[in-house]
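Every number here is computed from the coordinates shown, using simple stated rules; none is lab data. Since we're looking at a predicted model, the values are computed, not measured. Positions of Cβ are generated from backbone atoms using ideal geometry, with glycine treated the same way; all protein chains shown enter the neighbour counts.
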């Protein structure tokens with residue numbers, strides 16, 4: 001199947017699986033340990049059903065969404081994804097360009113193979129930078145300064161990684177950055193010639209062995225790409241005082257990613273965050289964590305009037321996005337879905353993934369009888385028995401208040 005023929009994200013997933021060697025595919029699609037949280041992220045959506053209204057004029061429906069006083073054409077954006085350059089040549093540029101074309105935000109990962117300055121210069125659009133931070137505050141300050149000078153509009157601090165998740169497939173595949181090929185991986189690469197020539201060898205020719213380009217681990221102004229071990233150093237010592245330090249340093253919008261409890265959402269608000277990401281890292285950190293959709297309503301109810309509430313992890317359909325919006329999210333961010341598009345067709349494949357989701361959101365809105373994102377609320381939902389997903393009150397009213405400032 002050609003990516004242009006894909007009818008849904010799973011079609012793009014199937015193309016990506018065929019084109020990628022195992023080391024790249026498992027890093028993209030895998031979770032941790034038994035995959036409990038990875039599966040729960042999808043299963044949780046099945047417990048939330050729609051209550052459609054009928055004979056409603058939806059001929060003029062719109063999914064335009066305002067976040068931080070900026071209007072977007074869709075209620076979703078592209079989440080930060082590390083090592084995206086494994087899936088297509090200079091994937092971070094391709095992802096950012098696709099986001100600009102679709103007028104949605106793009107969050108660049110610290111663990112990108114392309115320098116943030118190049119992404120800003122060559123892609124443009126609404127760019128946010130996701131920060132992995134350790135107790136080395138000097139490194140964090142240099143990264144934040146680079147992002148500010150490059151024109152990034154928001155900083156997203158990812159906090160759910162005090163230690164690395166137990167991704168056993170990475171150890172089996174001998175995955176590491178800078179990227180190295182074992183005999184088994186070399187053979188697998190040869191069995192995937194399109195990936196080998198179009199991604200790995202092309203990257204090798206253009207910029208050398210794939211490595212992280214958005215980390216500065218020395219004080220001399222020279223960018224040094226660290227190993228994964230260096231990358232993970234001293235994160236377990238971070239606390240809210242470090243976030244307060246970052247809040248004083250960063251003059252633009254600042255968000256916390258990795259929130260799964262009301263208590264942490266309230267702490268983020270108390271420490272000056274502008275927004276949060278309700279996220280379990282795509283099921284890639286703690287196996288047994290709740291699905292974001294299960295805890296989103298309580299969190300949105302507690303802080304939705306004070307903070308922009310984003311959600312990620314497990315979203316594959318437009319219906320998933322609409323459910324999250326009705327439960328209090330201001331915007332949804334997607335990681336694997338656009339990466340499947342990138343692996344299947346580069347920048348055009350990412351656009352295809354985003355367009356599929358846009359069309360699905362539009363169709364669902366028509367079928368439930370809702371003509372604008374602003375009006376979405378829990379009155380459009382029904383909840384099955386099982387682990388409870390409680391609906392917050394007055395979601396649409398809070399969204400209207402935010403839009404009015």
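What ranking do 182, 207, 279 get, fewest neighbouring Cβ atoms within 10 angstrom at the top?
In order of increasing Cβ crowding within 10 Å: 182, 207, 279.
If packing is taken as the average count of other Cβ atoms within 10 Å, what order do 100-106, 255-261 fall into, highest mean first?
Put in order of decreasing packing, that is 255-261, 100-106.
What's the whole-number percent of alpha carbon pairs in segment 15-156 lying beyond 23 angstrom?
Working: 5185 of 10011 pairs.
Every Cα pair in segment 15-156 considered, those over 23 Å come to 52 percent.
Cα-Cα pairs above 16 Å in segment 295-366: how many percent?
Across segment 295-366, Cα pairs with separations above 16 Å total 51 percent.
With just the Cα atoms of segment 1-96, tell me how far they stretch along each of the three principal axes, in Å, largest first.
Sorted from largest, the Cα extents of segment 1-96 read 50, 33, 32 Å.
Quick one: if you take sqrt(5λ) for each eigenvalue of the C-alpha gyration tensor of the chain, what semi-axes come out, biggest first, whole angstrom? Walk me through the numbers before you get to the answer.
Values: eigenvalues 204, 127, 78 Å².
That gives 32, 25, 20 Å for the three semi-axes.
Pick from 148, 12, 201: which residue has the top mean-square fluctuation in a GNM of the chain where Cα pairs under 10 Å get a spring?
201
By the gyration tensor of its Cα atoms, with a ≥ b ≥ c the square roots of the eigenvalues, what is the shape of segment 259-310: rounded for a/c under 1.5, prolate for a/b over b/c, or oblate?
prolate
Over the Cα atoms of segment 72-223, compute the convex hull volume and normalise it per residue, giving Å³.
Numbers: hull volume 20.3 nm³, N = 152.
Output value, Cα hull per residue: 133 Å³.
Measure of size requested: the Rg and Dmax of segment 134-223, with Cα atoms as the atom set and Å as the unit; please supply both.
Just the Cα atoms of segment 134-223 yield Rg and Dmax of 16.9, 44 Å.
Mind jotting down a quarter of the surface of the convex hull over the alpha carbons of segment 112-158, in square nanometres, one decimal?
3.2 nm²
Normalized C-alpha radius of gyration of segment 248-405, against 2.2 N^0.38 Å?
1.05
With a 10 Å cut-off between alpha carbons and a GNM built on the chain, which of 252, 358, 70 moves the most?
Its mean-square fluctuation being the largest, the pick is 70.
So if we plug the beta-carbon distance of residue 149 and residue 382 into 1/(1 + (r/R0)^6) with R0 = 35 Å, what FRET efficiency do we get, rounded to 0.05? Let's see the in-between values first.
Numbers: r = 49 Å, r/R0 = 1.40.
E between residue 149 and residue 382, to the nearest 0.05, is 0.10.
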